[in-house]
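Trainee: The structure under discussion is supplied below as structure tokens; questions concerning it will follow.
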Amino acid sequence: MSAAAKAPESLKKNYLTALREALDEEFGANPDALCMGEDIGILGGAFGVTEGLQSKYGKDRVIDMPISEAAIIGAAVGAAMNGKTVVAEMQFIDFISCGFDQIVNMMATYYYRTAGEVNMPVVVRGPAGAYGGGALYHSQMNEAWFCHSPGLRVVCPSTPYDAKGLLKASMRDGNPVIFYEIKELYRQREIEEELPASDYIVPLGQAAVRREGSDVTLVTYGNNVYHCLKAADALAERGVSGEVIDLRTLVPLDETTIFKSLAKTNHVVVVNEAPRTCGFAGEVVARICDSAFDLLDAPPVRVTRLDTPVPWAKPLESFVLPSTEKIVDAALRVVRF
Amino acid sequence: MKSAMKPHPTPGRASEQLTKEDCLEMFRQLYLARYFDVRLIKEKKRGRLRGTLYSSHNQEAIIVGSIFGLRPTDWISPVHRDMPMFFMKDMRAGWRNPDRMGMSIEEVCAQVWCKSGSPGRARDNWSHIGSLEKRIIHSTSMLAGTIPVAAGVVLADRLNGGDAVVLTFNGEGSTAQGIFHEAINYAAIHKLPVITVVENNQWAYGTPVQLEVPTEDVADRAKGYGIPGYIADGQDVFDVYDKVMEAVEYARSGKGPSIVECKTFRAYGHGDHDDDRAAKYRDPHEVEEGRLRDPLAICRRRLIEKSYLTADDAIRFMAEGKSSSEATTEDFPPEVVAYLDEGIRFALASPEPPAEEGGMWVFKESE
């Protein structure tokens, strides 16, 4: 992100454009790549991620589907088992629940139950996350459902560079991937950055240290990367040095980067936007306790959404979601334990 | 059952093109499917098998009649009551032909015996196997859940310039699933060659068809998608063949999907665990009437009418009407018994999968 500041304005790309470039480049390189979803062809997607792809690659490869998430994912599974690489768009990741059975029982298990006979190169991607007034059904982060279903990769980029590199890596991985795009970041100007002109990927399963620090590690992903960075600024003013880790991929989880940071800071706050109970932050805390308990000087703390849906009105939404202030408070509690 | 009792005469039937050898082969395949069922239930009662058996007894005409006319390159997506289908696909190419587009009896028996010789290395039970190479879609317990998968498979096939069709098999109960609607709706819009065969055996586990389907015929569901809904007498292998071949021709010519309802009757319980209870929750008269039209007997009658079976040959092996405990090996042609014996011998000799395989193949590792 520091490179972004130096790049000329015109060359900078937003998160959404980065995603579209990833699809475009992979479609160009792989004639077996397809995408299926609601309103993705004629319209170019509700948010415009697939804009221009149908006219470039045709209706056979950019397929407008009826409002049938289960059929979209099921057909993606079938096409993938017969040699295609399929990107299935959920118009909002909230609607993925309508295709849940096809994901967890059909797609996630195919490689396992066939003892490696059938690969599943399918990426189910869609806009996710709160903070934009989307209310109950346009704000969800439901990644924990899929982290709990063996056989699925779960990915969540927070920058344009990662959005492109992780989507390309996901399409080449050969395993089914649930890909969480943060819709509040789609067109956010502050995070635009220049992308490499040549082909690149961001390998799955590698976290990124977004800010180095020595007193407390803030582990997070998605939109909360930015809340954590702001929290680290605020903590610095109070003489506390925060390190921010962006997980980028939840499954597989890069434990090494977390433990390396803990060896330095000995304090940890884990932040996720989803509800608290059985959320991914809980899993991160459990892994730390399993394998790195000796590194801790204080009990790990989670900052999560309350165990509620995401409400509509701004004060209600802010009340239930993690915020910079809540992260700062948690970090101070941990370092002062 | 009312409709199943009606004759379904179709002028210009595909089955009229079948040779004598074809017809006799279909009859042998009916015996084979029946013997597979009878024999496995005997084995289970001796305590030799793990898990539940889902009997295809009385529904064999659907298994044989549906797939007999397929091309080797066509796909099938069987459901739990279609176990013989896995080794009967493309069986016309020779029962023991290793290159035919179906599984071997050895592979299927290894699956039933839960052994590592199974195509899925015994990772999931009973009918939950398949083969990309042989073009058999792996079944799961989520009923109707493979219909969209089948649609995706033939979509990919069509994009690759192929003209394969897919037959998906489902009970009448699974037509109540939301995915049944989503998948056929999608296939109809995109005119994908997906043929949904509905084995209407009148009972979805412990629930009668009247509580699963609001119309007289399941085939009526086709109207909502603007696609053909065929009805076959599921006890008559030639009628099933005719209706499915009509659907196959329709699909292969690019016109799209269809539903073929085969009227039949589930002779025993949902699975072997349910046989005793099924004898109580179903009216004995209904069961008696449902078992009356045995597909073996109906096929035999047709072959006698055509003079393909005469004199002693016509009555040499009389398995019809016999339960698994009543039937013996004497009731089946020796080549049928021998074929299954070979499969079982292989299964018994096949080792159990090593324990650590339980943790393998969750993810494909990058190359």
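The values are calculated or read from the model by the stated rules, or taken from the named source; none is laboratory data. Owing to the predicted nature of the structure, the values given are computational and were not obtained by experimental measurement. Quick reminder, even Gly has a Cβ in these numbers, built from the backbone with ideal geometry, and neighbours come from all protein chains shown. Surface accessibility is based on the protein's heavy atoms, side chains included, excluding ligands, DNA and RNA. Shrake-Rupley method; radii C 1.70, N 1.55, O 1.52, S 1.80 Å.
Trainee: Please identify every one of the trypsin sites (Lys or Arg not before Pro) in the range A:228-273 that sits in a loop by DSSP and has no more than 13 other beta carbons within 10 Å of its own beta carbon.
Mentor: The qualifying sites are A:238.
Trainee: Calculate how steeply helix A:280-291 sits against the longest principal axis of the alpha-carbon atoms of chain A, using the helix alpha-carbon long axis, and give the answer as 0 to 90 degrees to the nearest 10.
Mentor: Tilt relative to chain A: about 60 degrees.
Trainee: Which of the trypsin sites (Lys or Arg not before Pro) found in the range B:255-306 are in a DSSP loop and have at most 16 neighbouring Cβ atoms, other than their own, within 10 Å?
Mentor: Sparse-neighbourhood loop trypsin sites (Lys or Arg not before Pro): B:255, B:306.
Trainee: If you line up the long axis of helix A:15-29 against the longest principal axis of chain A, both from Cα atoms, how many degrees apart are they, to the nearest 10?
Mentor: 40 degrees
Trainee: Hey, what do the phi angles of the range A:147-156 turn into as Karplus ³J(HN,Hα) couplings, whole Hz, using 6.51/-1.76/1.60 and θ = phi - 60°, x for Gly and Pro?
Mentor: Whole-Hz 3J(HN,Hα) from phi for the range A:147-156: 4, 8, 10, x, x, 10, 7, 10, 10, 8.
Trainee: What is chain A's relative contact order, in percent, from Cα pairs under 8 angstrom and six or more apart in sequence?
Mentor: Here the relative contact order equals 16 percent.
Trainee: For residue A:326, give me every one of the lysines with a C-alpha distance below 16 angstrom, ignoring sequence neighbours fewer than eight places off in its own chain.
Mentor: A:230
Trainee: What residue among B:220, B:312, B:341 shows peak mean-square fluctuation when chain B is described by a Gaussian network model with Cα springs under 10 Å?
Mentor: Looking only at B:220, B:312, B:341, the biggest GNM fluctuation is shown by B:312.
Trainee: With +1 on the Cβ of every Lys and Arg and -1 on the Cβ of every Asp and Glu, and nothing else charged, how large is the dipole of chain B about its Cα centre, in debye rounded to the nearest 20?
Mentor: Dipole about the Cα centre, nearest 20: 80 debye.
Trainee: Can I ask one more? Among the listed pairs B:134/B:364; B:89/B:243; B:44/B:243; A:84/B:191; A:84/B:223, which are separated by more than 25 Å between their Cα atoms?
Mentor: Pairs exceeding 25 Å: B:44/B:243; A:84/B:223.
Trainee: Would you list which aspartates and glutamates come within 12 Å of residue B:42, measuring only between C-alpha atoms, while excluding same-chain residues fewer than 8 positions from it?
Mentor: Output for residue B:42: B:272, B:326.
Trainee: Where both residues lie in the range A:2-194, what percent of DSSP beta bridges are antiparallel, nearest 5?
Mentor: 10 percent
Trainee: What's the magnitude of the charge dipole for chain A around its Cα centre, counting Lys and Arg as +1 and Asp and Glu as -1 at the beta-carbon? Answer in Debye, nearest 20.
Mentor: 300 debye
Trainee: Follow-up question, since we're still on this one. Restrict the search to the range A:159-240; then list the chymotrypsin sites (Phe, Trp or Tyr not before Pro) that DSSP places in a loop and that have at most 15 other Cβ atoms within 10 Å of their Cβ.
Mentor: Of the chymotrypsin sites (Phe, Trp or Tyr not before Pro), the ones in loops of the range A:159-240 whose Cβ has at most 15 other Cβ atoms within 10 Å are A:200.
Trainee: Take every residue in peptide B:173-185, count the Cβ atoms of other chains within 10 Å of its Cβ, and give the average of those counts.
Mentor: If you average over the peptide's residues, the count of other-chain Cβ atoms is 3.
Trainee: List the relative contact order of the range A:208-335 as a percent without decimals, with contacts defined as Cα pairs under 8 Å and 6+ residues apart.
Mentor: 29 percent
Trainee: Next question, about the same structure. Springs between alpha-carbon pairs under 10 angstrom, Gaussian network model over chain A: which of A:227, A:148, A:138 fluctuates most?
Mentor: Sorting by GNM fluctuation, first place goes to A:148.
Trainee: Which order do A:314, A:326, A:183 take when ranked by solvent-accessible area (1.4 Å probe, heavy atoms of all protein chains), largest first?
Mentor: Ranked from most to least accessible, the order is A:314, A:326, A:183.
Trainee: Further question: What ranking do B:183-189, A:26-32 get when scored by the average of other Cβ atoms within 10 Å per residue, highest first?
Mentor: B:183-189, A:26-32
Trainee: Could you give the nm distance between label points at residue A:30 and residue A:64, where each point is 7 Å from its Cα heading toward the beta carbon?
Mentor: Result for the modelled spin labels: 2.6 nm.
Trainee: Relative to the Cα centre, what is the charge dipole magnitude of the range B:124-187, using +1 at the beta carbon of each Lys and Arg, -1 at the beta carbon of each Asp and Glu, and rounding to the nearest 20 debye?
Mentor: It comes to approximately 80 debye.
Trainee: Run the paramagnetic zone check for residue B:338: 7 angstrom along Cα to Cβ, then residues of the range B:278-321 with backbone nitrogen under 11 Å.
Mentor: none
Trainee: Right, something else. Using a Gaussian network model of chain A with C-alpha springs under 10 Å, which one of A:252, A:275, A:66 is most mobile by mean-square fluctuation?
Mentor: Top of the fluctuation ranking is A:66.
Trainee: Going by alpha carbons, how many degrees (0 to 90, nearest 10) lie between the helix axis of A:255-265 and the longest principal axis of chain A?
Mentor: With both axes taken from Cα atoms, the answer is about 20 degrees.
Trainee: Provide the gained length on full extension for the span residue B:277 to residue B:215, in nm with one decimal, where the gain is 0.36 nm per separating residue minus the Cα-Cα distance.
Mentor: Here the segment from residue B:277 to residue B:215 would lengthen by 19.6 nm.
Trainee: Once every DSSP H run of n ≥ 4 in the protein assembly as shown is given -39500 (n - 2.57) and the sum is divided by its residues, what mean residue ellipticity at 222 nm do you get, rounded to the nearest 500 deg cm²/dmol?
Mentor: It comes out at -10500 deg cm²/dmol, rounded to the nearest 500.
Trainee: Sticking with this one: Can you compute 3J(HN,Hα) from phi for each residue in the range A:245-251, using the Karplus curve 6.51 cos²θ - 1.76 cosθ + 1.60 with θ = phi - 60°, rounded to whole Hz and x for Gly and Pro?
Mentor: So the J values, rounded to whole Hz, are 10, 9, 5, 6, 10, 8, 10.
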